[in-house]
1. Quote to one decimal, in nm, the extra length available between Ser176 and Asn120 on full extension: 0.36 nm per residue of separation minus the C-alpha distance between them.
2. For the chain, set up a GNM with springs between Cα atoms under 10 Å and report which of His84, His62, His109 has the largest fluctuation.
3. Can you list the chymotrypsin sites (Phe, Trp or Tyr not before Pro) in the range 48-106 that are in a DSSP coil and have 13 or fewer other beta carbons within 10 angstrom?
4. Placing unit charges on C-beta atoms (Lys and Arg positive, Asp and Glu negative, everything else neutral), compute the dipole magnitude of the range 3-187 about its Cα centre in debye, rounded to 20.
5. How far is the Cα center of the range 109-159 from the Cα center of the range 55-97, in Å?
6. Do me a favour and compute the ellipsoid semi-axes for the chain from its Cα gyration tensor, root of five times each eigenvalue, largest one first, whole Å.
7. Name the trypsin sites (Lys or Arg not before Pro) in the range 70-122 that are in a loop by DSSP and that have at most 14 other C-beta atoms within 10 Å, would you?
8. Put +1 on the Cβ of each Lys and Arg and -1 on the Cβ of each Asp and Glu in the range 3-187; which of Val43, Gly56, Gly138 then has its Cα farthest toward the positive end of the dipole?
Amino acid sequence: MAIRRIPRSFFERPADEVAPGLLGAILVSTVGRTETRGRIVEVEAYLGENDPASHGYRLRRHAGNEALYGDPGDWYVYLSYGIHWCANLVCGQRGRGSAVLIRALEPIHGVPAMRRRRRNVVDRLLCNGPGKLCQALGITRALDGQPMARSRVVLQLPSEPAGAARISAGVRIGISKAADWPLRFTVTGSPWLSRP
């Protein structure tokens with residue numbers, strides 16, 4: 001399948017516009033000199049200063065979320081519950097704290113390496129959550145703040161992204177504030193989702 005790298009300009013829009021456009025994109029990691037790839041099947045948009053569930057709510061800044069205020073297309077990687085890394089891409093205008101969280105992938109290349117990193121779980125559980133996919137692709141805080149296009153983890157668009165008929169929208173997972181906002185986007189019917 002023909003693929004092309006996603007340009008920075010793609011991310012210069014609100015996160016809720018960027019998010020569904022990432023479905024079907026290929027996440028390519030060359031961390032640890034091992035290439036792994038997965039097709040994005042689930043994402044969540046976080047809208048920044050006016051989104052109570054966002055790390056950028058009210059533009060609060062601290063050392064741990066500084067990358068969230070970077071340029072569109074930069075990585076923002078944070079530690080969830082003190083255990084799992086979660087990978088996001090900054091969206092919109094610099095300094096607004098908006099991003100898209102990558103929630104689940106369909107593994108498509110480098111599956112043996114993913115299995116090793118994930119301690120030999122069954123393939124359906126390799127990348128079906130934001131912490132799981134980071135572990136499978138070797139993503140850590142080292143990626144935080146890096147421009148995606150020049151990092152060891154890049155996004156490529158397939159020649160035919162997921163069409164609107166194949167995209168479902170629903171509420172975000174694992175949050176207590178703005179929990180009813182329909183900002184989780186999935187490839188309809190994918191068996192690789194974190195949650196149906």
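Derivation of every value follows stated rules applied to the coordinates shown; laboratory data play no part. Bear in mind that the values here come from a model prediction, so they are computed numbers and not experimental data. Cβ: placed from backbone, ideal geometry, glycine included. Neighbour counts: every protein chain shown.
1. Details: separation 56, 0.36 × 56 = 20.16 nm, distance 3.22 nm.
Stretched fully, the Ser176-Asn120 segment lengthens by 16.9 nm.
2. Maximum among the listed residues: His62.
3. On the way: sites: Tyr57, Tyr69, Trp75, Tyr76, Tyr78, Tyr81, Trp85; in loops: Tyr81.
Those that pass, being in a loop and sparsely packed, are Tyr81.
4. Values: 27 positive and 16 negative charges, 130 e Å.
For this selection, approximately 620 debye.
5. 18 Å
6. Values: eigenvalues 105, 67, 58 Å².
Result for the chain: semi-axes of 23, 18, 17 Å.
7. Details: sites: Arg94, Arg96, Arg103, Arg115, Arg116, Arg117, Arg118, Arg119; in loops: Arg94, Arg96, Arg118, Arg119.
Passing both the DSSP loop test and the Cβ count: Arg94, Arg119.
8. Projecting each Cα onto the dipole axis, the largest value belongs to Gly138.
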